[in-house]
Each structure stands twice: as C-alpha cells, then as structure tokens.
Protein chains: 2
Amino acid sequence: MDTRAKILNAALRLFADHGYDAVGVQTIVEAVEVTKPTLYHYFGSKRGLFETLVREQSASLLQAVREAALYQGDITLTVHRVVQTYFDFAGKHPLFYRMLLSMWFAPPSSEYFAVVQDVLLEQHQLLEAMFRDAVSNHGNMRDRQQQYALSLRGMIDTYIRISMLGMVDLNDTAFRQRLVHQFMHGIFS
Amino acid sequence: MDTRAKILNAALRLFADHGYDAVGVQTIVEAVEVTKPTLYHYFGSKRGLFETLVREQSASLLQAVREAALYQGDITLTVHRVVQTYFDFAGKHPLFYRMLLSMWFAPPSSEYFAVVQDVLLEQHQLLEAMFRDAVSNHGNMRDRQQQYALSLRGMIDTYIRISMLGMVDLNDTAFRQRLVHQFMHGIFS
DNA sequence: TAGACGATATACCGCTTGGTATACTGGCAA
DNA sequence: TTGCCAGTATACCAAGCGGTATATCGTCTA
C-alpha cells in the first residue's frame, strides 16, 4: 500500500474514533510514520485530506443508491432495495459510515459539515426522486416526498446504529422485510 | 441574570452552534464580556462547565420521561405519552436538544461523549423498563425491550430532527398518533 | 551524464489552546 | 475598623495547532 493510501486509512480510523476536530495533523502522520510535508504534498491541507477521504469513500455508496432508488413500478420493492443497499454499505464500511453518521448530526457550521453535506444532499435527492416517481401510482403521497425521504433515511440510520451496538442483525432478511413493511404501513395509512 | 447563568447560556448557544471542540474558552468569556478566571472560578475547567450545563438542562427532561414512561396497563398510551414528552421538551429547548442529538451520535471516545452518555443511558433504562413491564400483557415482546427502546428513541429523534428542518409539525396530534400507531404496528406484527 | 521531478525530512513559523499566579475590589462579619 | 472571602481582572505559561521554507534523496528522462 502506498503512502497516500496509508494516510487516508489512518485518517479515516482516527476521524471516526475521535472526531475531526480532536485529531491533529501531527497525530495522523505519526500513525503512518511519515512527516507533515508528505501529507501536505498529497492533500494540501487538513481539510483537503478530509474532502478526498469523503469523496473517495462515498463514491461507491452514491453509485449503489443511484441504482437501487430507480423506481420501476413497485415502490415497496424499491424501498427494500434501498434499505438493503445502505445496510450492505454500512456492513462493508463500518468506520466510514459511523463517521458519516456522526457528522450528519453535527452542528451545520462546523468545518467538516460542509464537506459531508454534499454527499448527504445527493443521497437525499435520489430518495426524494424515488418517491416523486411513485406518485402517479400512489396519489396519497403527493408533496410528501421530502418528508418520506427524510424519515426513510432516519429509519435506516437508526437501525444501522442499533446494529453497530450489536443489538440486531441487518443481514436477517425477515427483519429487513418487517422494517420495510412497517415503513410502508406508515406511508399508506 | 447573574454571571454564572450568563456563562451557561452563552456556552449552550456556542456549543450547539459550533460543537464542543470548535469553541474555545476564550470565545465563551468574550461572548459574556468577562475574563477567563471568572469562568474558572465557577466551573473549574471547560469540561466542568460542560458537565454542569448538561446536568442542569437535562434534569427536567429526565424527570418528565420518568413520569411518562411509567407503564400502567396500556402500552400504546404510554408510548404516546413518552413521544409527547420528548416532542414537548425538544420544542421548549431546541438548542439543548440539538446539541444532545449531535453528541449522541459523536465518536464514543470524544471528551464530551462521556458526559452526555450518562444522560442517554438513564433515558434508555427508563424506556427499557417501560417495555419490560408491558411484557406480561404482550408475550411477543419478551427479551426485545432493549431493541424496542433503541428504535423508539431512534424514531423520536428522527422526527425531532425533521421538525427542526421545518418539514413537519410535532404539535399535530393526528401526526403523533400516526407515528405511535406505526411504531406499535412494527412491534405487534 | 545532466537535469528535472516526485517524494520525503529537518526545522521552523505565528497563533490559539486550556489553564493559572497574582493582585485587586466590594461587601459582609467580628 | 479590621479581616475575610467571593468575584473579577491583568498578565502570563507550556503545549499544541495548521502550515511552510528549505534541503535532500532516488528515479526517470533527454
């Protein structure tokens, strides 16, 4: 593994474990056993390092959500696919998803929030579009796409968090089905 | 308002808006127009200030949840009371609840998390006890109290967050009833 | 073989951080 | 009226912060 990748790895681990503000550049380079100019050579600044980290890691998530959220006539099925996509990603990249989650709830004026906001916004737009496209089939969800998108994300993140505490298994198909059923029940009722 | 209270007020506002790490002691005392030794006279340290803040503000929330979560034979009614309690508190203390929310998702090893964890744990135990007490009436929720408590909190916090974005009105009784109904549906199904 | 270049190190910068030693003030008690 | 004490200010500290000027090394190219 080359130096650049090692720095990104160490930064992810440290940011996820202690938070962006609490981790100094010095700490990161010590963890990789290089010196500061090396880090600044690759990333230009602490913020640049963080932006690179977020963009590279979230690319595959965004792509997967983009495909899963394509409405093709069955909203329940589509929602199920989206849920599965998030659960899969969080299972494969727990450190990154945990970090994303903590920053999604962080004060909007913090430096790192601006970086993460783009990623979150794009996901939100995909989910909203999914619900909007389903409107023709389900008249009662008109103009509620935004709220539905937010609450679906809320539910997904809640259960990802619970699973990180070891309290639930996201790979349990029956469990996932019950979640989606419950969510759809909330929409249609 | 005395100096002590002014410091606590300013600290809450600043921590909620920018995060614990991002706000220096100097910034706080400048906002109140006093000097550092004054702050250290009252609170001993930055962490001491934060602990005092969290403890004083969360006392009323804990008391309200303690009363609301008392199971008296009707679990749906009790859950409804709990939901209303949280919504009321978040409506009355939006700054504090927003701060609490951001820290609840923060990295566990961050300094402030330890302070906030006590408050969260106590709430969780109250909710868990509520579901445990309801077991005799609803055999199918046995040994799931922990998961139920976590997912109820997740749902509550999700909607508080959505309301903070202006996307939903927590004071709408019909809306609250639909939420509780949806949650209970997820439990009983 | 000369030079350019990517990658890395040493040593430093100004600034901010959380925290404190010391001194002063006003009010209240003996 | 003396003395104590809570409360507040001036001025300071060591340590850490993000960031950089400069130099060196090895490799690849002309």
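The values are calculated or read from the model by the stated rules, or taken from the named source; none is laboratory data. Just so we're clear, the structure is a prediction, and the values are computed from it rather than from any experiment. Counting neighbours? That spans all protein chains shown, and the Cβs are built from the backbone with ideal geometry, glycine included. What goes into the accessible areas is simple: the full protein's heavy atoms, side chains included, and nothing from ligands, DNA or RNA. Shrake-Rupley method; radii C 1.70, N 1.55, O 1.52, S 1.80 Å.
Of all residues in segment B:24-43, those being part of a loop (DSSP other than H, G, I, E, B) and more than 22 Å from A:D21 (Cβ to Cβ) number 3. Residues in segment A:70-89 that are under 11 Å from the mean Cα position of the chain (by Cα), of a type in the set (A, V, I, L, M, F, W, C) and closer than 13 Å to A:R153 by Cα: A:F87 alone. Assess whether A:E67 counts as being open to solvent by 40 Å² or more (accessible area, probe 1.4 Å), closer than 25 Å to A:L127 by Cβ and more than 9 Å from DNA strand D (Cβ to nearest atom). Yes. Screening A:D21 with (1) among the charged types (D, E, K, R); (2) assigned to a helix (DSSP H, G or I); (3) not assigned by TED's automatic domain parsing to the domain that holds A:M184 gives one miss only, at (2). When you look at A:S110, is it more than 16 Å from DNA strand D (Cβ to nearest atom), in contact (Cβ under 8 Å) with a residue 24 or more places away in the chain and among the hydroxyl-bearing types (S, T, Y), yes or no? Taking the combined requirement at face value, the residue does not satisfy it. In segment B:69-158, counting only helices (runs of 4 or more DSSP H) that sit wholly within it, the ones holding 3 or more residues that are within 11 Å of another protein chain (Cβ to nearest Cβ) span B:94-104, B:111-133.
Looking only at residues of segment A:24-68 that are outside the structural domain of A:A149 (by TED's automatic domain parsing) and among the acidic types (D, E), we find that the one that is nearest to A:M103 (Cα to Cα) is A:E30. The residue that is nearest to B:S109 (Cα to Cα), among those in segment B:24-34 that are within 7 Å of DNA strand C (Cβ to nearest atom) and surrounded by 13 or more Cβ atoms within 10 Å (Cβ to Cβ), is B:V25. Which residue is nearest to DNA strand D (Cβ to nearest atom), if the candidates are limited to segment B:18-53 and must be closer than 23 Å to A:Y112 by Cβ and touching a residue at least 60 places away in the same chain (Cβ under 8 Å)? Residue satisfying both the conditions and the ranking: B:D21. Can you find, within segment B:35-68, the residue that is nearest to the other protein chains (Cβ to nearest Cβ) among those that are more than 10 Å from DNA strand C (Cβ to nearest atom) and charged (D, E, K, R)? Looking at residues that are more than 10 Å from DNA strand C (Cβ to nearest atom) and charged (D, E, K, R), I get B:E51. The residue of segment A:54-64 that is farthest from DNA strand D (Cβ to nearest atom), among those that are within 16 Å of A:Y112 (Cα to Cα) and surrounded by 14 or more Cβ atoms within 10 Å (Cβ to Cβ), is A:S58.
Tell me, which residue of segment B:159-180 that is farther than 21 Å from A:A106 by Cβ, part of a helix (DSSP H, G or I) and more than 7 Å from chain A (Cβ to nearest Cβ) is most open to solvent (accessible area, probe 1.4 Å)? Result: B:Q177.
For B:R4, the requirement of being over 25 Å from A:Y112 (Cα atoms), within 16 Å of DNA strand D (Cβ to nearest atom) and surrounded by 14 or more Cβ atoms within 10 Å (Cβ to Cβ) is met.
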